[in-house]
Amino acid sequence: MTTKSKEDFDVNLTANYNPLEVEKETQEFWEKNQIRDKLELLENDNKGVLGYVEGPPTLNGIPHIGHARGRVMKDIRYRWKSMEGYYMPFWAGWDCQGLPVELEVEKILGVKNKLELITQVGEERFIEECKKVIMKYHKMWLEADKRLGIFINQKKAYWTYLDTYIEREWHILKCAWNQELLEEGYYVVAYCPGCQTSLSSAEVGYEGSYKEVEDPSLYFKFKVNQSDNEFFLVWTTMPFTIITDTMLAVRPDAEYVKVKVGDELWIMVKQRVETVMMDLEIMNFKVVSSVEGKSLVGLKYDYPLKDIIPEQELLEQKNHLVHTVIGETFVDVDTATGVVHLSPGNGEDDFWAAKKRGVPIFVPFNDQVKFTDKAGLFEGVFARDADSLVVKELEKRNALVKIGKTRHEYPTCWRSHHKLVWLARKEYFLRTDKINAKVLEAAEKIEYYFSEPKNRFIAFLKEGKPWCISRERIWGTPLPIWSCIKCGKKTIMGSKKELLQKSLDKIPENFELHKPWVDRVTLQCDCCEGKMQREDFVLDTWHNSGASPFARFTDSQYEKYIPADFLTEGIDQTRGWANSLLLENIILTGKCEAPYRAFLFQGLTQDSKGRKMSKSVGNVIETNKLLEKYSADLSRFYMMRKCPSIDFMNFDLQELKRRPYQVLSTLYHLTRFFLQNAQFDNFNPKKYTIDWAEKNVQFKNVDRWLLSKLQDKIEIYTQKLDKCEFNSAVAILEVFVIETLSRLYVPMIRKELWTDDTESFNRRQTIYAILYHVLKTLTLLFNPVTPFFSENLYQKVFRALDEGLPESVNFGYWPKPNQQMRTKTLEEDFDILFKTVSLTYAARQKAGLKRRWPLNKVVIVADEKTNKALKNHEILFLELINIKSAEYTQKVSAYLKEDNWISTSEDELFTFVNIKRDTALIGEGLMRDIARRVQSLRKDMGFVPTEFLNSVNIAELDSENKKLLLPYLDEMADLVRTRKVFLYKNRNELDVNWKEIKLDGKKILLELN
Ligand SMILES: [Zn+2]
Ligand SMILES: [Zn+2]
């Protein structure tokens, strides 16, 4: 018999799992060996290409854990698919332009608005500063990606502000132009007075943009023309729109009434009389007559502010419908008075109602949303500031009924939080409403994984509104439309080359496709030879990122990689990127096809209390700061495990440290346990394989059970990854490590590894082969989720034992379930076995009998199937429950009701444990108690489990216990791996360093060497 000593071990894994250390080592390994670059080579040698285009983060914010969660999902897909042998162009991309960047630069430069910016700073300098700002953020994003282990190729990144990108984006616009889908026109748009630009309807709909605000609640009345005392009663929360009022609308099919209040008759919808009168605190009123809505249509009313807004008088003369009642079905008769006033310059429904009747649109506003001279007395007043002035003027003219306040949800600018104003403005639109049927058809073909985000996306697409793509800003892709100063003809440029060829001007060296350079290019008009100037707009940044499938690739790459196989972004991208990608691809190709086959909308990430992360609350967790202190693997594991990918996630640092650490640490220690033992026996994984064990009939049932379970888990785990059910996927690995492997399998085989005799050599090699196979498989399965951890174990353990393995875990083959290893009946038997074992434990606990105390008998009362399963595995069963014998029956016999039996049951399964212990059983139990203390002392003193001790010394047991223990000393020596156990009466008999321990309240002394 040889002995194992500490010196024999060459363990590559440190005694403790230190994630930060592991991650640092792995990072160095990846960099030194250029592992990520080598994955690009897969393109020439793969089983297929899966297209991908990066949803570009906007370089105007610090990466936080909300971003991190999404990036981890992308990385999981990439690593998993690469291991399956597919090539993916997993290349980075950055969204660089747009208002948020501009606003930050304005702040840095200390200017308040666009006018100051242009006059004091100048556009050239401004553009340079914008570029500096994005580079600042880019650095942070690179660091965050690196720390997180995101394997995206940074060298092949695309940037939306580069000319090469911009001109391909122009190409898409030209396609739209050629199909008459790009046009200029007056439309009512949401306009932010703070940012001084319009917003797309998608931006208006952003999560959180509707805020509760306080607004006036104004009831006013317009007198019916040529009547003495009849008035229309109207309600609004925006008194300033009375300045641009041109019509009243009623619902033609609703019943309206005249209500007598004092000497006046007020016209309103019948069903609202009680409520409105209560609101107005009017007790004395009487409904005197009723009319149908349509009979009111055509009535004229006296617009009361004509004397201070002379333009209103002119409008009346221009069109007979101005200041007339019209019928419209959009009139809501469930709120207010059922009579609405229309301001076509300030409302979308109003605009279309006027447009279809040819009523002029009255929009007396400048860029700051202040009234122009057309608004008469109100000239120079900011729209919302006119509210109180209007109320005063109404009061002077007997048109005011009641002014109060109301709190309601109102859209604000997602960026600057100003209350938005609806304005009719000249803008450029993509007429996506014209291709809505195609868009919806394409959207139906996409895989969304979950029905709720799908429904949301489709519902949004059904709105099918034209897309306002023009922005009155500077740092953006310029709108490539030039218009003739003389005749107004317009033309569009589809590339930089085309522009430079047609330019009338000399192009300077530093020319780029941005303002102000591009504005200096003039063209000649085909029709009248007049000069053409660029329309002074830049594009909505959503158009920039939506162009990415085409703009970031060459034509041939576009053919190869688009449609992308799988994309994922936050649920807030429903109206954002997911939408703009789809629309632009249909415009580009004319086909009913999205540029992606599948889109996962992820839930957003909140703080531990479920609050939105925001700068003002101060609860934003920045990725880089988090990962300075915390492990990337644990963070990745935690973010995937915590909740389903579409749920909002509450990120809790306390949770991050607990369960995820426990799981990875358990796997780490199991691997270390395997390695220690395998190294001792010079295990060679190439020689001792699963196949070898099978051929040499070395498998026991526990081994077959473990291997069978593993196959099942590989299959389900892969399916769950495919369905983006990351949390239940990770749960499968978690349960397998903690329960199946650590709690069940290893304790069942541990003892077999303690011996080092030659008869059991093959059996030990079998166990190593199984552990090598199972642990390596787990390491591969974990790789997409915890890439640092997996690479580390792979290098230090599996590749250390078999240098023939691929260079990186990322080049490893994705495990496939081997159906031949599956034995379903065995798995079922073991389920029964483990269930019965834990029932028996529960019975012991009831009687206060420790598990390590042997007992004589258990009686199982159960159905035939259960009894048969237990009989099949009786040796293992008895060993696990630590009971000498078992009896199986289907009926409870009378004797089992006696005192010395304790029972537990679940469903139809009963276990009866005989609790009587004779001196032999008590002695054996005592031996096991002491053995356990010795084992834990061994561990504390740093002996490895396989190591043999010279002797174990025990002193100061009382005489009764000594007598009980004596027959079991050899068995104990075996159990604790020592040559001999010695008993001493008194500590003075041996001059050693005794350790005092307590055993059931009594002191005894132990010493090991
Ligand atoms: Zn704004
Ligand atoms: Zn012309």
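The values are calculated or read from the model by the stated rules, or taken from the named source; none is laboratory data. Because the structure is predicted, anything quoted here is derived from the model rather than measured. Cβ sites come from the backbone with ideal geometry, for glycine too, and all protein chains shown count toward neighbours. Please note that ligands, DNA and RNA were not included when accessible areas were found on the heavy atoms of the full protein model with its side chains. Shrake-Rupley method; radii C 1.70, N 1.55, O 1.52, S 1.80 Å.
Could you check residue 625 against (1) in a loop (DSSP other than H, G, I, E, B); (2) on the phi < 0 side of the Ramachandran plot; (3) open to solvent by 40 Å² or more (accessible area, probe 1.4 Å); (4) free of Cβ contacts under 8 Å to residues at least 24 places away in the same chain and say which number it fails?
Here residue 625 clears every test but (1).
Of all residues being within 16 Å of ligand 1 (Cβ to nearest atom) and of a type in the set (Lys, Arg) in the range 465-491, which is farthest from the chain's Cα centre (by Cα)? Just the residue, please.
473
Kindly establish whether residue 418 is farther than 30 Å from residue 517 by Cβ and surrounded by fewer than 15 Cβ atoms within 10 Å (Cβ to Cβ).
no
Residue 450 fails exactly one of the following numbered conditions: (1) open to solvent by 40 Å² or more (accessible area, probe 1.4 Å); (2) hydrophobic (A, V, I, L, M, F, W, C); (3) under 30 Å from the mean Cα position of the chain (by Cα); (4) within 16 Å of ligand 1 (Cβ to nearest atom). What is the number of that condition?
(4)
If residue 545 meets every condition in (1) open to solvent by 20 Å² or more (accessible area, probe 1.4 Å); (2) more than 23 Å from residue 426 (Cα to Cα); (3) at pLDDT 95 or above; (4) not charged (D, E, K, R) apart from one, which number is that one?
With respect to (1) open to solvent by 20 Å² or more (accessible area, probe 1.4 Å); (2) more than 23 Å from residue 426 (Cα to Cα); (3) at pLDDT 95 or above; (4) not charged (D, E, K, R), residue 545 is out only on (1).
How many residues are farther than 17 Å from residue 244 by Cβ, open to solvent by less than 10 Å² (accessible area, probe 1.4 Å) and more than 52 Å from the chain's Cα centre (by Cα) when one looks only at the range 303-344?
0
Answer with yes or no whether residue 379 is over 20 Å from residue 311 (Cα atoms) and not hydrophobic (A, V, I, L, M, F, W, C).
Here the answer is no, as residue 379 does not meet what is asked.
Which one is surrounded by the fewest Cβ atoms within 10 Å (Cβ to Cβ), of the residues in the range 558-609 that are aromatic (Phe, Trp, Tyr) and within 27 Å of residue 179 (Cα to Cα)?
Top of the filtered list is 558.
Can you tell me how many residues within the range 234-250 are more than 14 Å from residue 291 (Cβ to Cβ), aliphatic (A, V, I, L, M) and part of a strand (DSSP E or B)?
So the count comes out to 4.
Can you pull out every residue in the range 150-197 that is part of a loop (DSSP other than H, G, I, E, B), open to solvent by 10 Å² or more (accessible area, probe 1.4 Å), in contact with a His (Cβ under 9 Å, 6 or more places away or on another chain) and over 30 Å from residue 34 (Cβ atoms)?
Answer for the range 150-197, where residues must be part of a loop (DSSP other than H, G, I, E, B), open to solvent by 10 Å² or more (accessible area, probe 1.4 Å), in contact with a His (Cβ under 9 Å, 6 or more places away or on another chain) and over 30 Å from residue 34 (Cβ atoms): 193, 194.
Output the number of residues of the range 894-947 satisfying the condition of being part of a loop (DSSP other than H, G, I, E, B), over 22 Å from residue 669 (Cβ atoms), touching a residue at least 60 places away in the same chain (Cβ under 8 Å) and open to solvent by less than 50 Å² (accessible area, probe 1.4 Å).
Going through the range 894-947 one residue at a time, the tally reaches 0.
If I ask for residues that are hydrophobic (A, V, I, L, M, F, W, C) and at pLDDT 95 or above, which ones from the range 1-31 would you list?
Answer for the range 1-31, where residues must be hydrophobic (A, V, I, L, M, F, W, C) and at pLDDT 95 or above: 20, 22, 29, 30.
Residue 253 fails exactly one of the following numbered conditions: (1) assigned to a loop (DSSP other than H, G, I, E, B); (2) open to solvent by less than 50 Å² (accessible area, probe 1.4 Å); (3) in contact with a strand residue (DSSP E or B) (Cβ under 8 Å, 6 or more places away or on another chain); (4) not β-branched (Val, Ile, Thr). What is the number of that condition?
(2)
How many residues, within the range 975-1001, are among the acidic types (Asp, Glu) and without any contact (Cβ under 8 Å) to a residue 12 or more places away in the chain?
Qualifying residue count, the range 975-1001: 2.
Go through the range 692-724 and report how many residues are open to solvent by less than 60 Å² (accessible area, probe 1.4 Å), assigned to a helix (DSSP H, G or I) and more than 14 Å from residue 823 (Cα to Cα).
Residues meeting the conditions: 8.
Can you tell me which condition residue 321 does not meet? The list is (1) in contact (Cβ under 8 Å) with a residue 60 or more places away in the chain; (2) more than 28 Å from residue 392 (Cβ to Cβ); (3) outside any loop (DSSP other than H, G, I, E, B), and all the others hold.
(3)
In contact (Cβ under 8 Å) with a residue 60 or more places away in the chain, open to solvent by 50 Å² or more (accessible area, probe 1.4 Å) and among the hydrophobic types (A, V, I, L, M, F, W, C): does that describe residue 811?
yes
Scan the range 357-406 residue by residue and report those that are open to solvent by 70 Å² or more (accessible area, probe 1.4 Å) and of a type in the set (Val, Ile, Thr).
403
Criterion first (at pLDDT 90 or above, open to solvent by 40 Å² or more (accessible area, probe 1.4 Å) and out of contact with any His (no Cβ under 7 Å at 6 or more places or on another chain)) does residue 887 satisfy it?
It is true that residue 887 is at pLDDT 90 or above, open to solvent by 40 Å² or more (accessible area, probe 1.4 Å) and out of contact with any His (no Cβ under 7 Å at 6 or more places or on another chain).
Restricting attention to the range 507-524, does a residue exist that is more than 16 Å from ligand 1 (Cβ to nearest atom), open to solvent by 20 Å² or more (accessible area, probe 1.4 Å) and touching a residue at least 60 places away in the same chain (Cβ under 8 Å)?
Yes.
Can you spot a residue in the range 823-846 that is farther than 22 Å from residue 747 by Cβ and open to solvent by less than 70 Å² (accessible area, probe 1.4 Å)?
No, the range 823-846 contains no residue that is farther than 22 Å from residue 747 by Cβ and open to solvent by less than 70 Å² (accessible area, probe 1.4 Å).
Which members of the range 206-243 meet the condition of being surrounded by fewer than 17 Cβ atoms within 10 Å (Cβ to Cβ) and on the phi < 0 side of the Ramachandran plot?
207, 210, 211, 212, 213, 214, 225, 227, 228, 229
(1) part of a loop (DSSP other than H, G, I, E, B); (2) within 16 Å of ligand 2 (Cβ to nearest atom): which one isn't true of residue 532, the others all being true?
Here residue 532 meets the rest and fails (1).
Residues of the range 836-880 being in contact with an Asp or Glu (Cβ under 7 Å, 6 or more places away or on another chain) and farther than 15 Å from residue 901 by Cβ, which ones?
If the condition is that a residue be in contact with an Asp or Glu (Cβ under 7 Å, 6 or more places away or on another chain) and farther than 15 Å from residue 901 by Cβ, then 852, 854, 862, 863, 869, 872, 873 are the ones that fit.
Checking residue 953 against (1) open to solvent by 30 Å² or more (accessible area, probe 1.4 Å); (2) part of a strand (DSSP E or B), which single condition isn't satisfied?
The number of the failed condition is (1).
Where in the range 28-109 are the helices (runs of 4 or more DSSP H), entirely inside, with at least 1 residues that are among the aromatic types (Phe, Trp, Tyr)?
65-83
Here is a yes/no grid of residues against (1) more than 16 Å from ligand 2 (Cβ to nearest atom); (2) in contact with a helix residue (DSSP H, G or I) (Cβ under 7 Å, 6 or more places away or on another chain); (3) part of a strand (DSSP E or B):
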| residue | (1), (2), (3) |
| --- | --- |
| 395 | yes, no, no |
| 424 | yes, yes, yes |
| 442 | yes, yes, no |
| 452 | yes, no, no |
| 459 | yes, no, no |
| 474 | yes, yes, no |
| 482 | no, no, yes |
| 486 | no, no, no |
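Can you find a residue that is surrounded by fewer than 18 Cβ atoms within 10 Å (Cβ to Cβ) and farther than 30 Å from residue 753 by Cβ anywhere in the range 873-883?
no
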